[in-house]
Amino acid sequence: IPFVRKLLPGRSAWLVTLAHRRVGLITPPGNPAHLVSLADLARPGLRFINRNPGSGTRVWLDAQLKKLSIQASQINGYSLEKATHYEIAQAVAEGTADTGLGIEAAALSFGLGFILLTTEAYQLVIPAEKWPLPAVQALVNWLQSPAAQAAIASLGGYHTAATGTV
């Protein structure tokens, strides 16, 4: 909510939860580098692939690195960026990176390992003036259905207990 208020100052909006998603380190199968936490990213020789600046995952990572007193310059590959979680997983699958931060669904889609670091709410922000539109209401109603929750859960790495919550 504070983030939405910052992005949309003085505007009313509705938040609708799509799901809670699992975010962590994507690794080759079996986690050959024996990674356990973000602190491992500063390990010499480890090749990291990063998300693009401004992405929620990158914002979270940078905040965590600050808490751990880890500088970007200590991480080999910090400046190598991909725009999506699936591109991160692809880089790990192809062997161009040893790890990257991404969602579990991306790791599963490539048959990769995954080390859970956090779970985050993934929500739609709907401006109040758009809320009454029939298409918006249809989407919210669908998200509240068991069929929608099953479809989202089937992707792997998503928890749907709050899906459709306004």
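The values are calculated or read from the model by the stated rules, or taken from the named source; none is laboratory data. Given the structure is predicted, the values throughout are model-derived calculations rather than measurements. In this analysis, Cβ positions are derived from the backbone assuming ideal geometry, glycine residues included, and neighbour counts consider all displayed protein chains. Calculation scope for accessible area: heavy atoms of the full protein, side chains included, ligands and nucleic acids excluded. Shrake-Rupley method; radii C 1.70, N 1.55, O 1.52, S 1.80 Å.
Data table
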| item | result |
| --- | --- |
| Qualifying residue in segment 104-114 (condition: among the charged types (D, E, K, R), touching a residue at least 40 places away in the same chain (Cβ under 8 Å) and in a helix (DSSP H, G or I)) | yes |
| Among (1) modelled with pLDDT of 95 or more; (2) open to solvent by 20 Å² or more (accessible area, probe 1.4 Å); (3) touching a His at 6+ places or on another chain (Cβ under 7 Å) - the single one Ala121 does not satisfy | (1) |
| Residue satisfying all of: in segment 126-166; closer than 27 Å to Leu116 by Cα, among the hydrophobic types (A, V, I, L, M, F, W, C) and surrounded by fewer than 17 Cβ atoms within 10 Å (Cβ to Cβ); nearest to the chain's Cα centre (by Cα) among these | Leu155 |
| Whichever residue in segment 34-92 is farther than 26 Å from Ser109 by Cβ and of a type in the set (A, V, I, L, M, F, W, C) and, among such residues, is most open to solvent (accessible area, probe 1.4 Å) | Leu68 |
| Among residues of segment 1-26, those that are buried (at least 18 other Cβ atoms within 10 Å of the Cβ) and part of a helix (DSSP H, G or I), counted | 0 |
| Any hit, segment 14-32, residues being of a type in the set (S, T, N, Q), under 23 Å from His159 (Cα atoms) and in contact (Cβ under 8 Å) with a residue 40 or more places away in the chain | yes |
| Residue within segment 63-86 that is within 30 Å of Pro127 (Cβ to Cβ), in contact with a Ser or Thr (Cβ under 8 Å, 6 or more places away or on another chain) and at pLDDT below 95 present | no |
| Of residues in segment 56-83 being of a type in the set (Ser, Thr, Tyr) and touching a residue at least 12 places away in the same chain (Cβ under 8 Å), the one nearest to Leu117 (Cα to Cα) | Thr57 |
| Flag if Glu104 is at pLDDT 95 or above and surrounded by 17 or more Cβ atoms within 10 Å (Cβ to Cβ) | yes |
| Selection from segment 24-65 of residues that are among the charged types (D, E, K, R), over 14 Å from Gly100 (Cβ atoms) and more than 18 Å from the chain's Cα centre (by Cα) | Arg43 |
| Where a residue in segment 119-143 is in a loop (DSSP other than H, G, I, E, B) and its partner, wherever it lies, is loosely packed, with under 14 Cβ neighbours inside 10 Å, with Cβ under 7 Å and at least six apart | Ala128/Ser12 |
